[in-house]
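What follows is calculated from the coordinates using simple rules that are stated; it is not laboratory data. Everything numeric here is computed off the predicted structure, so don't read it as measured data. Ideal geometry is used to build each Cβ from the backbone, glycine not excepted, and the neighbour counts take in all protein chains shown.
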Amino acid sequence: MKKSYLIGRCQELLAKVDEIARRQRMINQRLKELSLRLDAIEQDLETCRTPINTCIDFIPFKTPPAKVNWAILYVYATRFKDGYYLSAN
């Protein structure tokens with residue numbers, strides 16, 4: 001009986017390890033995509049192809065705050081001599 005419990009427990013742990021590895025691959029893929037997007041935005045800002053104070057992303061809320069029909073977070077990038085300033089509305 002102890003042997004079958006250990007086998008079952010090992011299988012559970014292996015399944016958890018597999019799930020963690022799957023999530024890690026998904027996170028790594030998303031980070032790669034975001035890194036490429038950020039590189040493109042930085043390139044646009046450096047070459048002035050993106051106008052200053054341009055909306056670069058928006059994130060819709062899954063659950064809006066109480067008594068609000070909708071809400072969207074806009075992220076703006078503004079270029080200065082010493083770098084970039086990100087602001088949100």
Pseudo-spin-label distance GLU42 to GLN24, built 7 Å along Cα→Cβ, given in nm, is 2.6 nm
Total charge of the residues flanking GLU19 in space, meaning their Cβ is under 15 Å from its Cβ, with Lys and Arg +1 and Asp and Glu -1, is +2
